Structure formats: C-alpha cells, structure tokens
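J.: Mind having a look at this structure? Questions to follow.
The values are calculated or read from the model by the stated rules, or taken from the named source; none is laboratory data. Given the structure is predicted, the values throughout are model-derived calculations rather than measurements. Cβ placement follows ideal geometry from the backbone for every residue including glycine, while neighbour counts extend to all protein chains displayed.
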Amino acid sequence: MSDGKAKSDSEWRAVLSPEQFRILRQKGTEPAGTGKFDKHYDEGVYTCAGCGTPLYKSTTKFKSGCGWPAFFDSIPGAVSRHTDNTMGMSRTEITCTACGGHLGHVFKGEGFPNPIDERHCVNSVSLNFAEENKA
C-alpha cells in the first residue's frame, strides 16, 4: 500500500458503505449475478471503490457467464496477487495495489478466448466506473 491510501478500520468504515467494507476490507464476496457491473459494457475505466485508483480498462472486460465482472488483464501495477488458501483450496486473490482492498480472485486456463486465458473475477462492490471522455 502506498500513496497515503492506507487507513485504519475505523477510517475505512467512515468512507465505505457496510457492504463495501465487508468486501474490500474483510475479503467478502457479493452473491453471483447481483453486481451492477456484471453485465456492464460501456467504454471507460473501472476504479477501486476504496481509493479511486484505476484498475481495469473496459477493453479488457469480457462476458464470462460467471456472475461477476470478468477482466483478462489489469492496468499494469494496479492489481496485486496473493495466495489464498481459504475455503479448502488454493486460489489467487487479487487486491488493489494502492490500498490493499480485496477485489476478488484470478483464474487461469479456463479456455476463455482472450489473449492470456485469464479471468479476473471481481466484485462489483469493489469497483466504480468512469466513462471514457468522448471529446
């Protein structure tokens, strides 16, 4: 975490909704198919709902059918990967590099037709969206 974006739990609770706090800070998951960005395909940039850091470009978003927004790649350096051994399995957790907020998990080798065969499965609650300037 860098750029002064680290906060205490009480500071995070003051700026995040209870659901955002549960997911971003306590590593929760929203129910499949309920997130506002699951079927959202406007052009722009998805940012961290916690700190505003740009994380994903809309050009890397794809329809995976998993029930959560899916991206095949992040903005370089914006997303960090960590081993997650919870739930009786080993997965790769993804977090915002700037503030450490939990985004979801990344999966490889599922056969999706994208350039690197990865799926970043991200909670909509962890994201905001900024529409691309059409100027």
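J.: Among the residues of segment 1-45, write down those that are of a type in the set (Ser, Thr, Tyr) and out of contact with any Ser or Thr (no Cβ under 9 Å at 6 or more places or on another chain). Show your work before the answer.
T.: Kept after step one, since they are of a type in the set (Ser, Thr, Tyr), are these residues of segment 1-45: 2, 8, 10, 17, 29, 34, 41.
SER8, SER10, SER17, THR29 - these are the residues of segment 1-45 that are of a type in the set (Ser, Thr, Tyr) and out of contact with any Ser or Thr (no Cβ under 9 Å at 6 or more places or on another chain).
J.: Condition test on THR95, is it part of a strand (DSSP E or B), without any contact (Cβ under 8 Å) to a residue 12 or more places away in the chain and among the hydroxyl-bearing types (Ser, Thr, Tyr)?
T.: Values: part of a strand (DSSP E or B): yes; without any contact (Cβ under 8 Å) to a residue 12 or more places away in the chain: no; among the hydroxyl-bearing types (Ser, Thr, Tyr): yes.
For THR95, the condition - part of a strand (DSSP E or B), without any contact (Cβ under 8 Å) to a residue 12 or more places away in the chain and among the hydroxyl-bearing types (Ser, Thr, Tyr) - is not met.
J.: Can you tell me which residue is surrounded by the most Cβ atoms within 10 Å (Cβ to Cβ) among those in segment 67-86 that are under 16 Å from ASN123 (Cβ atoms) and modelled with pLDDT under 95?
T.: If we take residues in segment 67-86 being under 16 Å from ASN123 (Cβ atoms) and modelled with pLDDT under 95, then ASP84 is surrounded by the most Cβ atoms within 10 Å (Cβ to Cβ).
J.: Can you tell me which residue in segment 34-75 is farthest from GLY104 (Cα to Cα), limited to those that are assigned to a strand (DSSP E or B) and aliphatic (A, V, I, L, M)?
T.: Once the filter is applied, the top-ranked residue is VAL45.
J.: Evaluate the following for THR29: is it more than 21 Å from GLY111 (Cα to Cα), surrounded by 18 or more Cβ atoms within 10 Å (Cβ to Cβ) and either within 13 Å of the chain's Cα centre (by Cα) or at pLDDT 95 or above (or both)?
T.: No, not satisfied.
J.: Among the residues of segment 108-135, what is the count of those that are outside any helix (DSSP H, G or I) and either under 13 Å from the mean Cα position of the chain (by Cα) or charged (D, E, K, R) (or both)?
T.: Count: 15.
J.: Oh, and also: Go through GLY4, GLY52, GLY104 for me and flag whichever is more than 11 Å from the chain's Cα centre (by Cα), on the phi > 0 side of the Ramachandran plot and at pLDDT 95 or above.
T.: Just a single option satisfies the conditions, and that option is GLY52.
Results for (1) surrounded by 14 or more Cβ atoms within 10 Å (Cβ to Cβ); (2) touching a helix residue (DSSP H, G or I) at 6+ places or on another chain (Cβ under 7 Å); (3) closer than 22 Å to GLY65 by Cβ, shown as yes or no for each residue.
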| residue | (1), (2), (3) |
| --- | --- |
| GLY88 | no, no, no |
| ARG91 | yes, no, yes |
| ALA98 | yes, no, no |
| GLY101 | yes, yes, no |
| GLU110 | no, no, yes |
| ARG119 | yes, no, yes |
| ASN123 | yes, yes, yes |
| GLU131 | no, no, no |
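J.: Look at segment 7-26 and say how many of its residues are within 17 Å of the chain's Cα centre (by Cα) and assigned to a loop (DSSP other than H, G, I, E, B).
T.: 3
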